[in-house]
1. Name, by its number, the condition in (1) modelled with pLDDT of 95 or more; (2) buried (at least 18 other Cβ atoms within 10 Å of the Cβ) that does not hold for residue 285.
2. Among the numbered criteria (1) over 30 Å from residue 500 (Cα atoms); (2) at pLDDT 95 or above; (3) not in a strand (DSSP E or B), which single criterion is violated by residue 390?
3. Look at residue 390 and say whether it is open to solvent by less than 60 Å² (accessible area, probe 1.4 Å) and within 17 Å of residue 487 (Cβ to Cβ).
4. Being within 22 Å of residue 235 (Cα to Cα) and of a type in the set (Val, Ile, Thr) is the filter here; which residues of region 180-199 pass it?
5. Out of region 349-371, which residues are in a loop (DSSP other than H, G, I, E, B) and at pLDDT 95 or above?
6. How many of the residues making up region 400-409 are over 30 Å from the mean Cα position of the chain (by Cα) and surrounded by 15 or more Cβ atoms within 10 Å (Cβ to Cβ)?
7. Filter region 220-250 down to the residues that are crowded, with 19+ Cβ neighbours inside 10 Å and of a type in the set (S, T, N, Q), then identify the one that is farthest from residue 445 (Cα to Cα).
8. Starting from residues that are in a loop (DSSP other than H, G, I, E, B), touching a helix residue (DSSP H, G or I) at 6+ places or on another chain (Cβ under 6 Å) and among the hydrophobic types (A, V, I, L, M, F, W, C), keep the ones in region 137-158 and report whichever is nearest to residue 312 (Cα to Cα).
Amino acid sequence: MAHLDPLGVFQLIDAKLKTSPHREQLSVLRRRLAGEVTGVPELVDETLAPGFALVMQAGGARRVLGRDAVIAAARGSAAGLSWAEADDLVVDDGVIAGHGRLTDVGRLRPLSSPNEQEDPSMAVNGIGALRGADEGLNHQIADTFATVAESDLAWTEKIWGSIARVDGSLQVNFGLGKYHNRGIIDGFGGVSRGREQWTVRGSRELRSAPEEAGVGPVQYEVVEPVNRVRFRLEPNEVQPVSFDVELSGVTPPFFEERNLVRNRHSGRIDVNVIRYHQGGWATGTITVNGETIPLKPGEWFGFRDHSWGVRQSVGLPPADLIPGRGAASHSVKGGMKWTPAFFTKPDGTSYETAIFLAEGVWGYSSAYVNQADGTQDRVRTVEPHISYDPRTRYVTGGELHLVMDSGDKRVIEVEVPGDSGFFLKTAGYGKWADHIHGTWRGKLHLDGEYIPDCSDDEHLRSLGQLRDTPIRVREGDAVGYGIMESLISGVWPELGLTAESDHLVSFS
């Protein structure tokens with residue numbers, strides 16, 4: 001059931017009636033229902049097709065409104081009907097008081113069986129609700145796509161993307177998380193320009209549009225499977241930034257090793273996630289403070305990943321579990337590097353390296369050299385030789401030394417070309433204000449902020465080091481680009497990192 005305010009209902013109507021010649025009149029109608037203007041054009045009568053229906057919900061009671069009642073309400077002449085006092089309006093794909101099932105934008109069709117008058121989220125014998133995805137031949141379990149294989153509340157499916165100019169001066173980030181067993185979907189879109197960062201976050205109830213890959217202005221689209229995807233942050237009232245960017249792969253997507261972590265205290269599986277990623281070139285537009293920047297071919301690159309499974313830091317932690325290690329006055333010496341990068345050889349062919357190295361207490365690694373024909377060559381060991389800014393601990397450059405399974409040694413040179421780098425803390429990777437991944441914020445919630453200087457003393461202590469840093473890479477005569485996420489904790493005298501620069505920012 002999709003709960004929408006009056007404006008939202010008629011925005012949906014408008015979207016469904018893109019071919020209507022009366023869009024301007026529909027806009028006035030939406031404003032009338034929101035109480036912004038009085039009166040409504042007569043042409044609305046022609047625009048709402050026979051069989052159209054809405055549901056009004058107020059005080060827990062629901063009421064089916066046919067076409068005539070909607071028009072009367074828009075004119076302010078519906079007896080006993082107060083839009084202003086309604087909790088919300090409902091466009092419902094479930095059962096409406098036994099009258100029928102609403103489809104499209106409220107077209108009524110008869111109920112096919114008495115069972116449909118029960119919980120609309122469940123079909124007969126505990127089968128999940130039917131979704132559009134169920135029409136395909138892709139089922140993996142004996143249930144519908146409304147159901148996942150396990151009931152863990154931490155089950156998550158995530159989309160991530162990062163697009164940057166090759167000189168590192170401007171960058172956009174995107175993310176979407178679907179928490180199936182929590183009934184929540186949330187996401188973010190943001191822009192990093194030097195030390196500035198704008199972030200827009202959204203969260204909604206999944207049932208409002210169970211198959212839509214988006215939250216408010218944050219929208220995701222698969223343009224061509226395993227090759228092209230589209231990230232959009234539509235113009236919004238939260239921050240003066242928006243973008244519409246398409247990423248095209250230079251190699252196929254590649255899987256990383258399964259990330260499997262068992263809790264040392266309880267024995268529970270805390271993390272069981274699989275992930276694939278893909279890098280390539282980007283086109284589109286970015287708008288910041290009214291200025292629109294075109295993404296010219298060959299000047300913008302990016303990466304995206306798609307992961308699913310049980311993961312940590314979803315929702316508030318239960319208060320009655322065995323406590324873990326408490327906050328320490330000093331951090332354990334360790335580090336993390338996640339860095340996919342693609343390279344182009346002089347002959348025009350491409351390959352990529354994909355490094356995920358978690359040292360110290362994390363103890364996880366996944367490293368491959370991936371070829372354009374889809375084959376993967378495993379890296380036995382990775383030794384980072386990375387330099388850091390001694391105050392911020394941001395990566396400034398260095399090398400990654402690889403030893404292949406074959407025994408061959410390879411060296412990847414890393415350069416940071418600009419000051420941009422999107423900080424993931426504002427996107428919910430760790431608690432930020434009252435935002436936590438997968439937590440219910442209402443039927444639809446949008447917020448965000450602008451940070452003029454992410455590197456000042458205040459924000460170093462809240463944002464930490466975890467950011468998507470655009471990098472330029474080289475291996476021999478092959479050159480390319482990548483994204484590096486980095487954390488380094490503890491005291492490293494050999495790297496110039498003191499206790500004073502270790503701000504112990506939590507990302508869990």
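The values are calculated or read from the model by the stated rules, or taken from the named source; none is laboratory data. Everything numeric here is computed off the predicted structure, so don't read it as measured data. Glycine also receives a Cβ, built like all others from the backbone with ideal geometry; neighbour counts cover every protein chain displayed. Calculation scope for accessible area: heavy atoms of the full protein, side chains included, ligands and nucleic acids excluded. Shrake-Rupley method; radii C 1.70, N 1.55, O 1.52, S 1.80 Å.
1. With (1) modelled with pLDDT of 95 or more; (2) buried (at least 18 other Cβ atoms within 10 Å of the Cβ) applied to residue 285, the lone miss is (2).
2. In the conditions (1) over 30 Å from residue 500 (Cα atoms); (2) at pLDDT 95 or above; (3) not in a strand (DSSP E or B), residue 390 misses (1) alone.
3. Answer is no for this residue.
4. Listed by number, the residues that qualify are 185, 191, 199.
5. The one that is in a loop (DSSP other than H, G, I, E, B) and at pLDDT 95 or above: 349.
6. First, the residues of region 400-409 that are over 30 Å from the mean Cα position of the chain (by Cα): 401-409.
Imposing the further condition that a residue be surrounded by 15 or more Cβ atoms within 10 Å (Cβ to Cβ) reduces the set to 402-404.
So the count comes out to 3.
7. Step by step, filter region 220-250, then rank; the result is 242.
8. Checked region 137-158; the qualifying residue nearest to residue 312 (Cα to Cα) is 153.
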